[in-house]
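The values are calculated or read from the model by the stated rules, or taken from the named source; none is laboratory data. Just so we're clear, the structure is a prediction, and the values are computed from it rather than from any experiment. Cβ placement follows ideal geometry from the backbone for every residue including glycine, while neighbour counts extend to all protein chains displayed. Protein only, heavy atoms only, side chains kept; ligands, DNA and RNA dropped before computing areas. Shrake-Rupley method; radii C 1.70, N 1.55, O 1.52, S 1.80 Å.
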Amino acid sequence: IRARYGRRGSDSPYFAVWKGSGELLKATAGAVQLRLPADTEFAAAGTTAWRRRGDLREALFVGPVGTHVVVGRNIRAELYDLRQWLFLLVAAGVGLVALGIVGGTVLSYGSLGSIRAMSATAAGISERNLAERIDTKQIDSELRELAETLNSAFARLESSFARQAHFTADASHELRTPL
């Protein structure tokens, strides 16, 4: 990668200085073909303006006695590195989101398993098997209180059915016995 995008040859920094009249005063080999930018591209004296031309990053400023200076270098290698980091960050982000979805699904199925077990047990309880209860030992601590409340309700219901059956048996016996 560095061999392709290394900092040799045209990737090395360059500069060019023009007189106020627009005549090229001095330039490095990499800047010989550089033309004088328009005055609107330069910042006010004493400040620096920045521009990007393709893979080149340049600083433009007005020097002493009206000279115009352009200093720049090729940032192709840095752009390549930034694209690699971007790809890595996007891939890591997608991976984390996928991991979160899978983890959330597994956790929710695990916690819903207790609710399914409670629902199945509660649905199976009828007047024939009122003694059956929800096993609170296998229930998560968050749902244990709900399971105990349901078990308590089933116990009251069983007691109520037992009293009703006892009353019906007594009433039936009394009705059969002659006065």
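A few points about this structure:
- Residues of segment 61-82 with an amide N closer than 12 Å to a point placed 7 Å from the Cα of THR48 along the Cα-to-Cβ direction: 61-62, 70-73.
- Folded to 0 to 90 degrees: helix 76-124 orientation relative to the chain principal axis, Cα: 0
- Size descriptor, Kirkwood hydrodynamic radius, that averages inverse alpha-carbon separations across segment 124-179, Å: 13.3
- Whole-percent carbon and sulfur share, accessible surface of segment 85-161, 1.4 Å: 67
- Apportionment of accessible area to carbon and sulfur, segment 21-64, percent (1.4 Å): 55
- Judged by the ratio a/c of the largest to the smallest principal axis of the C-alpha gyration tensor, segment 20-168 counts as prolate, that ratio being 1.5 or greater while a/b is larger than b/c.
- Once the Cα atoms are used to define both axes, helix 141-176 deviates from the longest principal axis of the chain by about 20 degrees.
- Taking the Cα centre of segment 76-179 as reference, the dipole from Cβ charges on Lys and Arg (+1) and Asp and Glu (-1) amounts to some 200 debye.
- Relative contact order for the chain, counting Cα pairs under 8 Å that sit 6 or more residues apart, in percent: 14
- A 1.4 Å probe run over segment 102-179, with the rest of the protein chains in place, finds 76 Å² accessible per residue.
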